[in-house]
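The values are calculated or read from the model by the stated rules, or taken from the named source; none is laboratory data. Everything numeric here is computed off the predicted structure, so don't read it as measured data. Glycine also receives a Cβ, built like all others from the backbone with ideal geometry; neighbour counts cover every protein chain displayed.
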Amino acid sequence: MRPFLFTAALLGPVLVVAFGGCVETTNFIELCDAPDGGKEPCCPIWGNPVHKCEHEAGPETPDAGDEDAAVDAGDEFDGGADDGGTDDGGGSGGGAGGSAVCAGTCVPEIGLDWSKALHVWMGKEGEVPEVQVQAVPAWEGWVDVVFSEPACPACSCDTPEGSCAPPVAWAANSTSCQGPSDPIVTPFDASAGWDGSCTAENPIPAGVLCNGVPCVQSLAVGAPVITEGACTPQPATLPELGRLPPPVRTKALAYAPTPSNDCPSTYNQCIPNPPPGYRLCIHSDMVGATCPAGWPEKHEGWVIAEDPRACTACTCGAPEGAACTALVTAYADAACSDLRTSNLVSSGEPESCFDLIAGTALGSKRAEIVSYTPGTCAPGGGEIVGEKLTMGPATLCCLAEP
């Protein structure tokens, strides 16, 4: 039971006289548990009550044969180990100390922001402790978490597969190329799928008139026909459905041991020594908590620490910028031997016009692909989506490993 504080003025000078072996204080005197079950005044040393008054340890020095009296009342949390002695209880220094009575480690209460001392196991992801001290841990999570730097592979697009075919749209005009814009048009087409070899399809005889003028005064030829498929994105598929590498993290399991009151100070608790592979730590759920004095080893983390971020799939836009050039030739006869005109036509021009001798015959034609440059596709995707997932912040502060 914690001591009750009373002012010295309320207790009066009787307490100071009756218990002259305690140090006099002008601010307050604390009431401590007496051996008979009642209350007795005792002196506060650094804010902690000292239970060794005259009726226990004598007015000056403790009895050498009394083990409990060997506690140095001026040593705040030493748990019973003298400056020059050894810690029979196996406790650690700093924030905790061993005791000849406590079979474990005497640990002071830290404050409301921190848990009582815990047995904590830490290991790599996928590992499990060799000793499971309890069925359900008091706290479980991840510490020392390092998230990967977000980076997605650069997306690119393969060259599309395509081809260029000769133009099939041919026509004779009743005007020159620079003449009126509404000539009478006489078809001189090739069939769909034409490969450009000599063909005598849709011939126009010599001297044919259209509204009293020669039907053939110029030749209009359409552009070569480009056919291209879709581009293939690279990388075609991202590893692990586009997920980024998982974080590097340490698994932490904290178990609450059962303390005892075998330590000399009311503010200390006797914590059993942790089993092999475990550490003695305290826990706080504050963000960026500062470790108390004596608990130097800090591990920060979360109950949940996942990285669901992913890279969007690579994509490709439609092919653009393809170019094709064809050499087209018209003949007066049906065997592609009596040449009338031969010119280049480009995919960049929807139609090309060539002047002819007025009234000439158009008996056959031929076309040859001179050049073809495939188009390109604009890549897309490869962008990071999602956010890191962290929940339940935690700080573990541990005693230094021996």
Contact list, first residue from the stretch 371-396 and among the aromatic types (Phe, Trp, Tyr), second anywhere and surrounded by 13 or more Cβ atoms within 10 Å (Cβ to Cβ), beta-carbon distance below 7 Å, six or more apart or interchain, is Tyr372/Cys164; Tyr372/Cys324
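Matching residues to (1) within 18 Å of Gly162 (Cβ to Cβ); (2) surrounded by fewer than 16 Cβ atoms within 10 Å (Cβ to Cβ):
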{"site": "Ser181", "(1), (2)": "no, yes"}
{"site": "Gly193", "(1), (2)": "yes, yes"}
{"site": "Cys198", "(1), (2)": "no, yes"}
{"site": "Cys210", "(1), (2)": "no, no"}
{"site": "Ala223", "(1), (2)": "yes, no"}
{"site": "Thr232", "(1), (2)": "yes, yes"}
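Given the options Pro350, Pro319, name the one that is buried (at least 17 other Cβ atoms within 10 Å of the Cβ) and either more than 20 Å from Ala200 (Cβ to Cβ) or outside the structural domain of Trp170 (by TED's automatic domain parsing) (or both).
Values: Pro350 fails: buried (at least 17 other Cβ atoms within 10 Å of the Cβ).
That would be Pro319, the only listed residue that is buried (at least 17 other Cβ atoms within 10 Å of the Cβ) and either more than 20 Å from Ala200 (Cβ to Cβ) or outside the structural domain of Trp170 (by TED's automatic domain parsing) (or both).
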Subset of the stretch 151-167, residues within 15 Å of the chain's Cα centre (by Cα) and surrounded by 15 or more Cβ atoms within 10 Å (Cβ to Cβ), comes to Cys152
(request) May I ask you to verify whether Val145 is assigned by TED's automatic domain parsing to the domain that holds Ala367, in contact with a strand residue (DSSP E or B) (Cβ under 7 Å, 6 or more places away or on another chain) and under 30 Å from Lys124 (Cβ atoms)? (result) yes
Filtering the stretch 138-167 down to residues that are in contact with a Phe, Trp or Tyr (Cβ under 8 Å, 6 or more places away or on another chain) and not small (Gly, Ala, Ser) yields Trp142, Val145, Cys164, Pro166
Subset of the stretch 260-299, residues in a strand (DSSP E or B), surrounded by fewer than 17 Cβ atoms within 10 Å (Cβ to Cβ) and modelled with pLDDT of 90 or more, comes to Glu297, Lys298
When Tyr331 is run through (1) crowded, with 17+ Cβ neighbours inside 10 Å; (2) under 46 Å from the mean Cα position of the chain (by Cα), the failure sits at (2)
